[in-house]
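The block underneath contains the structure these notes are about, expressed in structure tokens.
The values are calculated or read from the model by the stated rules, or taken from the named source; none is laboratory data. This one's a predicted model, so the numbers in the text were calculated from it and none came from an experiment. We place every Cβ from the backbone using ideal geometry, glycine too, and count neighbours over all the protein chains shown. Keep in mind that these areas ignore ligands, DNA and RNA; they rest on the heavy atoms of the full protein, side chains included. Shrake-Rupley method; radii C 1.70, N 1.55, O 1.52, S 1.80 Å.
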Amino acid sequence: MTAADVLLLGLGAVAVGSALLVVTTKHLVRAGLYLVVCLGAMAGLYLVLTAELVAWVQVLIYVGAVVVLLLFAVMLTRAPIGASDDLDRPGWPAVLVGGGAGLGLAALLIDAFRWTTVDLPEAGTAERLGSEIFGSWVLPFEVLSVLLLAALVGAIVVSRPDIGADR
């Protein structure tokens, strides 16, 4: 077992553990902070796999922007900061649905690939990745930016009772 294997196992355990804490905690802000830990562990996994560009994009986009947007939305909508009783629902339906979906996907992948080998493409470079993103995927990125802007405006409108009220 190499050092890379140990790092992959450790970071994978941190990512899975913090992901479980995200979905099991009753504190909304703590769930956002556990999400930061999970996404940071994913960036560490990318670094171990020598995908530095993807790791930094993970940190900048997901940790730096999406989680901050989530925490601002929580603050703007005056969501409860402490433990919330309305988040205390029975967990067995979620475990049943999640476990069933996981087993179904595992069975599908095992049936689809069996023991075949997959030829990997040549290693990508930042130049090739940039040309692919800004050539073929510009429209989805722009649609996503408009969607995030609409979500931010919606959070502001929801948090301000004076907007749209009769005078």
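Output the 0 to 90 degree angle, nearest 10, between the alpha-carbon long axis of helix 92-113 and the longest principal axis computed from the alpha carbons of the chain. For 92-113 against the chain, the angle is about 30 degrees.
Given R₀ = 30 Å, FRET efficiency for residue 108-residue 143 by Cβ-Cβ distance, to 0.05? My answer for the efficiency is 0.55. Where in the range 30-64 does the amide nitrogen come within less than 20 Å of the point 7 Å from the Cα of residue 71, taken along Cα to Cβ? The answer is 30-44, 56-64.
Considering only the Cα atoms of the chain, their convex hull presents on average a projected area of 14.6 nm².
Once C-alpha pairs closer than 8 Å and six or more residues apart are averaged by separation and normalised to the residue number of the chain, the relative contact order reads 21 percent. The packing ranking, built from the mean of other Cβ atoms within 10 Å per residue, places the peptides 138-145, 42-49, 120-127 in the order 42-49, 138-145, 120-127, highest first.
Considering all C-alpha pairs of the range 1-67, those separated by over 17 Å amount to 43%. Extension gain, residue 60 to residue 24, is 10.4 nm, computed as 0.36 nm per intervening residue step minus the present C-alpha separation. Averaged per residue, the range 7-150 has 75 square angstrom of accessible surface, using a 1.4 angstrom probe with ligands and nucleic acids left out.
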